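Nothing in this text is a laboratory measurement; each read-out follows from the coordinates by a stated rule. For clarity, every value in this text was computed on a predicted model and none was experimentally measured. Virtual Cβ from ideal backbone geometry, glycine too; neighbours counted across all protein chains shown.
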Amino acid sequence: MLDDVIKAYNEAVLDTDRALALQIVADAVAQGISPEDIVFKVVIPGLDLMVKAISEGFDTNLAQHFMTSQIAADVSERMLVLFKTPPEIVGQVIIGTAAGDLHTLGKRIVIGCLKAQMIEVTDLGVNVSAEKFVNEAVARKAQVIGVSAMMVHTARSENGALKVRQLLKERGLEHKIKLVVGGAPFRYDPELYKMVGADAWAENGVSALKVIMDCIKGVKA
Amino acid sequence: MTTSMDRLVAAANGQIIDHIPVFCNLLDQGARELGLSIEDYFSKGEYVAEGQLRMLEKYGHDNVWSLFYVGKEAELFGCKKICYANDGPPNVEDFIIHSYDDIEKLQVPDDISTHPAFVETAKCLEILKREVGGKVPICAYLTASMSLPAILMSMEKWMELLMIGEPEVRDLLLEKCSNFFRKEIEAYRNAGADILVYADPYGSTDIIPMRVFKELSLKWMKRDLEPGGLEGVVYYVGGARLNSVAEQVINEVGINAYYPGPLDDIGESMRIVNNRALCAGVINDIRLLDWTPDEVRTEVQRIVQGGLQVSNKFFFGTVVMPYGIPDENIKAMINAAKEFGRLSLPASD
Ligand code: B12
């Protein structure tokens, strides 16, 4: 039965049909599937499956990423309160948009995916200074700082990711905190992340999950 | 002497006079030409017109722009706060729609041509028309009703309303945006714009699913363009990919010019358009920041030859050129487009 739920849920998500996805989950819970299984055997594998499909060339659109993230975060939040014991937090991430950048959608999509995976996220909002990124990451013992930028001048700015890198270096934090970037300019230039001093980048919200997960594991190892 | 307008008309008819039209979307760069900050530069229509004319003189491309920055359209709706940078385009800082109630209250301006937020654009157009009208295509940028909400309420809130919000609220907003669009295109036409770039990222399946494209994008596109007609209209999806929807726009709307994204395959774009309309070959202008002039030349060659191999109803273009692109790369790009855009290869049908 779980297999049918997984299949139906994934189809609804890819179809950007939120009402149907939520209905499938509600029916499954009513039929006795545990909230833990919904999160760990339906939602999270669903995200993994999408990461894999994209890496194999499956073409997705922004709305699919938005809905996947939205639904996954939504379902997890509803299920978490029903858990018998609180789940283990996988990692800590600080995220915000680069200095001078006011575009929030990319960040929101990434946050939804991370939350569904039991990663704790601190959203610093828009136009975040490099100092704030680093200070907050230290205060919250975060493994990853995520910087989102929609325009070329904010992605490459000396006050953006480049400065976060500089501060991490100056404070000897580079082995403890990884810098991950994303946003439109990085998709048009896949090498750009290196130029701005980032450890990694992701092309879309769902892939961001894997990239950030890998960074968390790397720091914790 | 052949003018840029002659080149464009020739291209629309599948001919090349001396070289293909070379469109270059230089906006913020005008500030540098005039030695002004970007904020000062965009404060006056005279400056923007002067910047456009100086760049035309300097680079010798085939178009000028009346667009200051896209956020101007939000200003026509009452947005009062724009975030300026020293080295990039201005952005909307305060969204005029904060809640769904604001959609109800949203007022479409009665007359755009006399609106205070249009005064400087009108001045710019007047100068451009006087100086190069009829000789160089004057471009205007108009955001489609399906995409305009992104700068009225943010991309995030619009995506939310579109995908999980109330259809009635969504449609009310779309109707107001479409009414706005109809007035805006008329104002620009009356003020002398020849090329009307219909900007609709929400008309690309990079942004929305095909289902939404069919149900909403196409419908609103038709409504936006219906009263004013298609003369001079170019279908542009904000630099996203176009190929998956081009056939439907040609069939159902009938626009006569298409502007793919840099990540579309140009050969495929040209084959889909298949001589039924003019189509651009578009360079990934974000890479122009770091490529060497030689790399720029090779890339332009690939695009231009890829396009002309299929048909001469072709022109070269950029997306929204970042401020920091080195001068030598702009020149290398334009020179290469002219050089390779002369070769009229036999069509391979
Ligand atoms: C939709 C769109 C518009 C719309 C809405 C814009 C808006 N958001 O306000 C309209 C038509 C109004 C528009 C206008 C403009 N646009 Co525009 N637009 C686009 C388009 C098509 C999509 C941008 C977008 O919002 N995507 C949605 C977000 C969520 O996607 P994303 O940022 O890529 O995020 C995904 C990934 O990158 C990743 N990600 C994001 N953040 C992070 C963070 C981390 C840590 C990780 C791991 C991953 C990650 O996950 C996300 C989800 O999948 C792009 C081209 C393109 N295909 O990308 C151009 C683009 C972004 N626009 C561009 C520009 C320049 C503009 C203008 C400044 C033009 C001007 N001169 O006025 C204006 C700005 C308007 C404003 N804000 O005031 C340029 C920016 C590059 C540059 N030249 O600097 C682009 C890239 C087009 C181009 N190639 O030139 N635009």
Exercise for the section: Return yes or no: is A:Ile38 in contact with a Pro (Cβ under 9 Å, 6 or more places away or on another chain) and surrounded by 18 or more Cβ atoms within 10 Å (Cβ to Cβ)? Expected result: no
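Go over the candidates A:Asp48, A:Asp74, A:Asp101 one by one and state the one that is away from the ligand (no atom under 14 Å from the Cβ) and surrounded by 19 or more Cβ atoms within 10 Å (Cβ to Cβ). Spell out the reasoning first.
On the way: A:Asp48 fails: surrounded by 19 or more Cβ atoms within 10 Å (Cβ to Cβ); A:Asp101 fails: away from the ligand (no atom under 14 Å from the Cβ).
When all the criteria are applied, what remains is A:Asp74.
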Exercise for the section: Determine which single condition A:Leu167 fails, assuming it passes every other condition in (1) assigned to a helix (DSSP H, G or I); (2) under 27 Å from B:Arg287 (Cα atoms); (3) more than 9 Å from the ligand (Cβ to nearest atom); (4) out of contact with any strand residue (DSSP E or B) (no Cβ under 7 Å at 6 or more places or on another chain). Expected result: (2)
Completion exercise
Cβ pairs under 7 Å, 6+ apart or interchain, first in region B:317-341 and within 10 Å of chain A (Cβ to nearest Cβ) and without any contact (Cβ under 8 Å) to a residue 24 or more places away in the chain, second away from the ligand (no atom under 14 Å from the Cβ) and among the aromatic types (Phe, Trp, Tyr), ordered by first then second residue, are none
Practice task
Tell me which of these A:Cys113 doesn't satisfy, since it passes every other one: (1) more than 14 Å from every other protein chain (Cβ to nearest Cβ); (2) within 14 Å of the ligand (Cβ to nearest atom); (3) in a loop (DSSP other than H, G, I, E, B).
Solution key: (3)
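One line per residue, one yes/no per condition, for (1) crowded, with 18+ Cβ neighbours inside 10 Å; (2) away from the ligand (no atom under 16 Å from the Cβ); (3) more than 14 Å from B:Val132 (Cβ to Cβ); (4) within 14 Å of chain A (Cβ to nearest Cβ):
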| site | (1), (2), (3), (4) |
| --- | --- |
| B:Ala31 | yes, no, yes, yes |
| B:Ile38 | yes, no, yes, yes |
| B:Glu46 | no, yes, yes, no |
| B:Leu56 | yes, yes, no, no |
Fill in the blank from the handout: Checked against (1) within 14 Å of the ligand (Cβ to nearest atom); (2) within 11 Å of chain A (Cβ to nearest Cβ), B:Met210 satisfies every condition except (1)
Exercise for the section: Within region A:45-62, identify whether any single residue is of a type in the set (Val, Ile, Thr) and closer than 22 Å to B:Tyr202 by Cα, and answer yes or no. Expected result: yes
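Any residue that is assigned to a helix (DSSP H, G or I), of a type in the set (Phe, Trp, Tyr) and either more than 12 Å from every other protein chain (Cβ to nearest Cβ) or farther than 30 Å from A:Arg156 by Cβ (or both) - is there at least one of those in region B:104-119? Break it down into steps so the answer makes sense when it comes.
So the first thing to find is which residues in region B:104-119 are assigned to a helix (DSSP H, G or I), and the list is B:104-105, B:116-119.
Subset that is of a type in the set (Phe, Trp, Tyr): B:118.
Within this subset, residues satisfying the condition of being either more than 12 Å from every other protein chain (Cβ to nearest Cβ) or farther than 30 Å from A:Arg156 by Cβ (or both) are B:118.
Within region B:104-119, one or more residues are assigned to a helix (DSSP H, G or I), of a type in the set (Phe, Trp, Tyr) and either more than 12 Å from every other protein chain (Cβ to nearest Cβ) or farther than 30 Å from A:Arg156 by Cβ (or both).
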Practice task
Would you check if there is a residue in region A:127-135 being within 11 Å of chain B (Cβ to nearest Cβ) and either buried (at least 21 other Cβ atoms within 10 Å of the Cβ) or away from the ligand (no atom under 11 Å from the Cβ) (or both)?
Solution key: yes
